[in-house]
1. Just tell me, in residue order, which DSSP H segments of the chain are both 20 angstrom or longer along the helix axis (alpha-carbon based) and at least -0.5 in mean Kyte-Doolittle hydropathy.
2. Return the whole-Å distance between the Cα centroid of region 238-293 and the Cα centroid of region 354-400.
3. Could you work out the helix-only [θ] at 222 nm for the chain, with each DSSP H run of four or more residues adding -39,500 (n - 2.57) and the total divided by the number of residues, to the nearest 500 deg cm²/dmol?
4. Quote to one decimal, in nm, the extra length available between LEU259 and THR131 on full extension: 0.36 nm per residue of separation minus the C-alpha distance between them.
5. Give the peptides 186-199, 104-117 in descending order of average Cβ contacts within 10 Å, highest first.
6. Tally Lys/Arg at +1 and Asp/Glu at -1 over every other residue whose Cβ is under 12 Å from the Cβ of ARG325; what's the total?
7. What ranking, highest mean first, results for peptides 29-41, 290-302 when packing means the other Cβ atoms within 10 Å averaged over each residue?
8. To two decimal places, what compactness ratio does region 251-328 give when its Cα radius of gyration is scaled by 2.2 N^0.38 Å?
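Bear in mind these aren't lab numbers, they're just calculated from the coordinates by the rules spelled out. This is a predicted model, so every value here is computed, not measured. Here the Cβ positions follow ideal geometry from the backbone for every residue, glycine too, while neighbour counts run over all protein chains shown.
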Amino acid sequence: MLKTAELADGLLGTTLQWDDVEEIANECAKGVELKFGDKKSIKPLAEGVGLQSLLGIADVEWSTENEKSPYPNKFALKIGSPVALLQALEAQAAKLPPKVAADISDEFIKFLPPCHNSEIYFYNYIRTLPTSISILPDYYFGKEIELESDGNYTKGCIAIELVENVKTLSPLENFTDSQMLQVLDSLAKLQTQFLDMNEEERRKAPHRGLAGLYSTFKDWFLQLNNGLMAQFPDPEMQKLTKTFATKLPEIMTADDLDLLPAQLEMQRVFVHGDLWSANIMWDAQDNLKKLIDFQMIHFGLAATDLARVFNTCLTPEARHANTDRYLEKYYKFLETRCKEAGKEVPFDLEQLTTTYQLAYPRVSAYLLPALTAVLEKVVSMPDSPIKLAFLGSFIAKVKGIYADIIEYHENRPEF
C-alpha cells in the first residue's frame, strides 16, 4: 500500500518542534547557551516545498546569558521531509500498479536521509575553508537525520542565511548567455575549493558517486516514467519515447560512468548534482548571487552538472549551437580559478568533452522524471495564451532532450 504524506502538528506540518530547533542550535553554538524568547514564528518560504524538504522563514528572539547570539533572528529553516515527494507520487498512483507505487514510495523514503545529510556534509566542509565563498548562503546550524527501523525519521533541520531581494527563474524560462557564463564560472570556483579534499574525507559523502546518488532511480523506474511521458498526445513525443525505451538498456550505466575518471586518468571533482534554475539565485540586474540546495552533491564528472544545466536552462537550439563553446568557456574558467588558487587543473579539455559525450545520455535520462513532474504542473494550469506558450516551449525542450539522449548514445566516442 502506498505510504501517504500526512502532515504532523510540528513546524510546517512536520514532527519537528521549536524545542528540537533550540536543542540543535545549542549543540552547534559552541558554548553559548541559547533559548528562544516569546517571539518565534515560521512561515513557508516561497512555495515552502522541495522534493526532500520543507522550507520556511523562521523569525525568533534568541535569549543568552551574557553573550550575543551567534545566529540572526531571521533565517531560512530547511526541514527534511518526504511530504512533497510522496504527494507527487500519490498524484501518479492511479496510473501505476499498487505494488509498484508502494515500492517507489519505499525507495524514495530511503532517499531522504542521504540528501539531507549531504547538505550538512557540504556546509561543514565549507566552514573549514580559510575564506568564505560569496556565492553561498551562510550556514548557521543543522543536524543529520536517520531512517529508523519503524520507518520514521530522527529529527533534523538545516538553518541557513535568508537571502533576500533575489529571484530564481522558472523551469519554463531560459538563461541568457551572460547568465550561463556566470553559472559556469561559479561552478568552477566552487569545484576548485574541493580539489584539496583528501580521499578519506570524500568517502564520507553520503552519496557515493553518480551510482550512489541515483541508486533509487533504477531503469525500471525510468521506463515507468517514460511510459507516463508517452501518454502525452504528441506524435513526435510518442516516437521518441518508444525509441528511448529500446535504447535505455544499452546506455552507459552510472557505475560505468563512475569508473571513467580512473580509466581516463583524470581527477574526480565536486558535483552539485542538481544544478538548474530553481537552485540559482539572481539579483534584479541578473547578476548571480547564490547557489543553493546541496542535497545531491557527490564526487565525479563535471559533465554531470554541465549536462543538467544546459538541458534545463537553454532551448534545444541554444544548447546545440553553444555546447562546445560553453564547454570551452567552463574549462577556461576552471583553469583560471585553479591558477588563482595554486592548484592543478583536474582534467584537460579533451577529457571534459569526451566525458560529456559519454555521460549525457545517462545523466539526461535521470533528469526526465523531474521534467515529467514540471510538465504535469504546466498541463494543470488554467487554460490561457500564456499556458499554451509555456507548454509549447517546454514540450520542445523535453523532446530535444529525448532526441539528444538517443543521438549522443548512438554516436558515443570510443575511449
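1. Within the chain the helices that satisfy the rule are 98-127, 177-193, 349-379, 385-410.
2. If we compute the Cα centre of each part, the gap is 15 Å.
3. -16500 deg cm²/dmol
4. In short, 42.8 nm is gained.
5. Output ranking for 186-199, 104-117: 104-117, 186-199.
6. 0
7. Working: 29-41: 12.4, 290-302: 23.9.
Ranking, from highest mean packing down: 290-302, 29-41.
8. In units of the 2.2 N^0.38 Å rule of thumb, it is 1.24.
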